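Structure first, then comments.
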Amino acid sequence: MIKAPHQPHSEEPELPTTTPGHSIHSFDEPTSSPQEVSGAPAVSVSSSSSHQVGVGDVLDEIVDNKRAELKKSNAFRDMLDSRDLSIICELKRKSPTVPDGFNVDVDDVFSDYAKVADAISVVTDKQYFGGNYELVTQARKTGLPVLRKDFIIDPLQVAEVATDALLLIARIVPEEQLQNLVDLCLLINIEPVVEIHDAEDLAKALKTSANVIAVNTRNLQTQTIDQTSAYDLLDAVPGEYTKLLFSGIKSHDDVAQAVSHGVKAVLVGTSILESENRVEFVKKLRGGGDE
């Protein structure tokens, strides 16, 4: 004869009694906390404690603050936006047109630039311009925005030294590489300044995310100055871009002509470094003295 399976007792078990303010424990859970056993005061943790502490709110605040830090302004960009015309004074120890070098003291040059420049340009190429990264660091101590100029052909060069802006020469890199270099600069809050020399360079620059386009009156291959072609090229740059003019600036009339073509800043190097009084020369460029 087969026995029927054992059936549980039909009578419901009696639940433990509770007092107001105390929760019901499971049958296999101890009814006393370790603190109560040891005599230490019990700590009550409610289900809403994480909300009271505001862990989520604190994390959101930290992330929002980090976003704000990453959106910090760029000194070079702010300089261009805040002035009708800016003068960028350049330091280079030598150049292909001045191979024996300029007879200047770097400390004195930066001291003079701090008095009259809106920004400083530093050429860091060593072999042909006598530059180095330390010059950029020294220029930044003036408190002025710094544009680093070099022949950038690889992403590794972009972050070699801290700077506010970096020159990217459209002619020396393929179109895709130029775009990548521009994007990298923007990612790490360096203002990319794309230098162009002709219509082909301009077409490449316009396909990037750059906001600043510089026309160089000097042909880098022949080292000759052609201001007429430079002004024609400036006129071809769309109005939404910030336009800069490099090289060939020797007088206030040159500056005024550049402004008439929509230029927001001029970069002057050789003329200043060869002048007898750098501070007075820059003042004259602004129209503050006799030519």
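The values are calculated or read from the model by the stated rules, or taken from the named source; none is laboratory data. Small disclaimer: the values here were computed from a predicted structure and weren't measured. Backbone-built Cβ (ideal geometry, glycine too); neighbour counts: all protein chains shown.
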Between a residue in the range 268-279 that is among the polar types (S, T, N, Q) and any residue that is part of a loop (DSSP other than H, G, I, E, B), which pairs come within a Cβ distance under 6 Å, given they are 6 or more apart or on different chains?
271/250
What about residue 134, is it closer than 29 Å to residue 71 by Cβ, modelled with pLDDT of 95 or more and of a type in the set (D, E, K, R)?
no
Conditions (1) at pLDDT below 95; (2) under 27 Å from residue 75 (Cβ atoms); (3) not aromatic (Phe, Trp, Tyr) -> residue 194 fails only (1)
So, residue 146, is that one within 15 Å of the chain's Cα centre (by Cα) and farther than 17 Å from residue 88 by Cα or not?
no
Leading residue by the ranking (surrounded by the most Cβ atoms within 10 Å (Cβ to Cβ)) among those in the range 107-121 that are of a type outside the set (D, E, K, R) and without any contact (Cβ under 8 Å) to a residue 40 or more places away in the chain:
120
Failed condition for residue 156, given (1) surrounded by 14 or more Cβ atoms within 10 Å (Cβ to Cβ); (2) outside any loop (DSSP other than H, G, I, E, B); (3) of a type outside the set (Gly, Ala, Ser), with all others met?
(1)
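Considering each residue of the range 212-226, count those that are in contact (Cβ under 8 Å) with a residue 12 or more places away in the chain and part of a loop (DSSP other than H, G, I, E, B), and give that number.
Residues that pass the stated criteria total 4.
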Within the range 122-139, track down each residue that is in contact with a Gly (Cβ under 7 Å, 6 or more places away or on another chain) and surrounded by fewer than 22 Cβ atoms within 10 Å (Cβ to Cβ).
125, 130
The range 265-280, subset closer than 16 Å to residue 102 by Cα and in contact with a helix residue (DSSP H, G or I) (Cβ under 6 Å, 6 or more places away or on another chain), residue surrounded by the fewest Cβ atoms within 10 Å (Cβ to Cβ):
275
Restricting to the range 47-96, name every residue that is at pLDDT 95 or above and among the β-branched types (Val, Ile, Thr).
87, 88
Just one of 248, 287, 262 is exposed (fewer than 14 other Cβ atoms within 10 Å of the Cβ) and of a type in the set (Gly, Ala, Ser); which is it?
287
Filtered residues of the range 145-180 (kept if aliphatic (A, V, I, L, M) and either within 21 Å of residue 221 (Cβ to Cβ) or in contact (Cβ under 8 Å) with a residue 60 or more places away in the chain (or both))
146, 147, 152, 153, 165, 167, 168, 169, 170, 172, 173, 178
Kindly indicate whether any position in the range 192-211 is touching a Cys at 6+ places or on another chain (Cβ under 6 Å), closer than 30 Å to residue 67 by Cβ and either assigned to a strand (DSSP E or B) or free of Cβ contacts under 8 Å to residues at least 40 places away in the same chain (or both).
yes
Suppose we filter the range 96-106 for residues that are in contact (Cβ under 8 Å) with a residue 12 or more places away in the chain and either of a type in the set (D, E, K, R) or closer than 14 Å to residue 139 by Cα (or both); how many remain?
1
